[in-house]
Amino acid sequence: MKTYKIAVLGGDGTGPEVTAEAVKVMDAAAAKFKFKVEKTSFDFGGERYKRTGETLPDGAIEEMKKFDAILLGAVGHPDVKPGILEKGILLKMRFALDQYINLRPVRLFPGVECPVKGKGPAEIDYVIVRENTGDAYTGTGGFTMKGTPNEVAVQSAVYSRFQVDRCLKYAFEYAKKNGKKARGKGKENTLALVGKTNVLTYIYDLWERAFHEMGQKYYPDIRRDYYHVDATCMWMIKNPEWFDVLVTGNMFGDIITDLGAITQGGMGIAAGGNINPQGVSMFEPIGGSAPKYTGQGVINPLAAICAMQMMLETLGEDKAAAKVEEAVKFITANKLKSLAAGKMGYSTSQVGDMVAQKVAD
Ligand code: IPM
Ligand code: MN
């Protein structure tokens, strides 16, 4: 029997609650599809930081490399200054484990209320491939004359050809395997680059050249589109059905995936994977730790369950992943009153139970 070693990082706030439900559903999938999961929990997060003064203990990254995948709840603690846990845990893991892809599907599930008038599951069905190691996230920059009236702050957006190429390759391959044609949902597989070639004339010039060179040479059957990021925001509301697979830099990817998340029903459902195709990947709900709901059993665990579903897919457990997706869709279509915290009509663990039950059926 195939065994997967999974590191479980519940994290802060409601993170542990939603992660517990994801683990519950994972166990149900393992039993049903005959694989084993060996889980190890870690207490990285705000409470640990307050106690010990360290974000990640020495050796944590090396430790993580021993696992097949990581399931993360959320980091962010009201008593800890913003930036410390995000940089010291989340971004540290993404960078140190070289999880250079942040894969964020934007899919509206049946029965989920969509804030965009006239759009349903047929229209909101695309994937954003966000580059996850470069851009303004590298921390390149600094201050001069800090604290004086002449202070200058610089934060550089940085991309190497290597980073751009490996991200594009992943995106083209993803479009080939999972684009709308591959899924029987359209006539062609399309990859669209989202950039800002009219202003960021260095960075997105590099992206655009690399995009067309790679596409022309290796993926002539994949249609290539280009959108400026500001226009992308417009089309994500007005014509989301135009999109199939989108690829973009880290910063634009961060911003547009929040917009995408709200069109798919919000943070209760939006999930993502921090992927190192050759290494250890980490899966997480896109929403934060939602501290005000901690311990009340009202938070929606579906985003964490969907993150776990993406993990199963990445591990190659396709049948189990498909079954979990089907189960989540059944629950959104037939059970939940709303995806919002406290308005689901069920508690956090009841939602997990219903999904697990459906997976086991
Ligand atoms: C995300 C988050 C993170 C990011 C923060 C918490 C550092 O917004 O995963 O989208 O900016 O990447
Ligand atoms: Mn974000």
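What to note about this one:
- Only residues that are free of Cβ contacts under 8 Å to residues at least 60 places away in the same chain, surrounded by 15 or more Cβ atoms within 10 Å (Cβ to Cβ) and of a type outside the set (Ser, Thr, Tyr) were counted in segment 174-190, giving 5.
- The one condition in (1) away from ligand 2 (no atom under 13 Å from the Cβ); (2) open to solvent by 40 Å² or more (accessible area, probe 1.4 Å); (3) part of a helix (DSSP H, G or I) that ALA304 fails to fulfil: (2)
- Cβ-Cβ under 8 Å pairs, at least 6 apart or on other chains, segment 20-43 side at positive phi, far side of a type in the set (A, V, I, L, M, F, W, C) and modelled with pLDDT under 95: LYS34/MET1
- Checked across segment 56-70, the condition of being modelled with pLDDT of 95 or more and either touching a Cys at 6+ places or on another chain (Cβ under 7 Å) or within 13 Å of ligand 1 (Cβ to nearest atom) (or both) holds for no residue.
- Residues of segment 48-65 satisfying the condition of being open to solvent by 60 Å² or more (accessible area, probe 1.4 Å), under 23 Å from GLY272 (Cβ atoms) and assigned to a loop (DSSP other than H, G, I, E, B): LYS65
- Inspection of segment 100-108 identifies at least one residue that is within 16 Å of ligand 2 (Cβ to nearest atom), closer than 19 Å to GLY316 by Cα and polar (S, T, N, Q).
- Conditions (1) closer than 28 Å to GLN163 by Cβ; (2) without any contact (Cβ under 8 Å) to a residue 40 or more places away in the chain; number of the one not met by LYS238: (1)
- Residue in segment 197-209 that is of a type in the set (Asp, Glu) and out of contact with any Ser or Thr (no Cβ under 7 Å at 6 or more places or on another chain) present: no
- Any hit, segment 142-157, residues being within 16 Å of ligand 1 (Cβ to nearest atom), within 30 Å of VAL8 (Cβ to Cβ) and surrounded by 12 or more Cβ atoms within 10 Å (Cβ to Cβ): no
Let's see how each residue does on (1) modelled with pLDDT of 95 or more; (2) open to solvent by less than 20 Å² (accessible area, probe 1.4 Å); (3) away from ligand 2 (no atom under 15 Å from the Cβ):
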{"site": "ASP244", "(1), (2), (3)": "yes, yes, yes"}
{"site": "ILE262", "(1), (2), (3)": "yes, no, no"}
{"site": "THR348", "(1), (2), (3)": "yes, yes, yes"}
{"site": "VAL355", "(1), (2), (3)": "yes, yes, yes"}
{"site": "LYS358", "(1), (2), (3)": "yes, no, yes"}
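- Among residues of segment 253-278, those that are out of contact with any Cys (no Cβ under 7 Å at 6 or more places or on another chain), in contact (Cβ under 8 Å) with a residue 60 or more places away in the chain and part of a helix (DSSP H, G or I), counted: 6
The values are calculated or read from the model by the stated rules, or taken from the named source; none is laboratory data. Because the structure is predicted, anything quoted here is derived from the model rather than measured. FYI the Cβ positions are ideal-geometry reconstructions off the backbone, even for glycines, and counts take in every protein chain you see. Heavy atoms of the whole protein, side chains included, go into the accessibility calculation; ligands, DNA and RNA do not. Shrake-Rupley method; radii C 1.70, N 1.55, O 1.52, S 1.80 Å.
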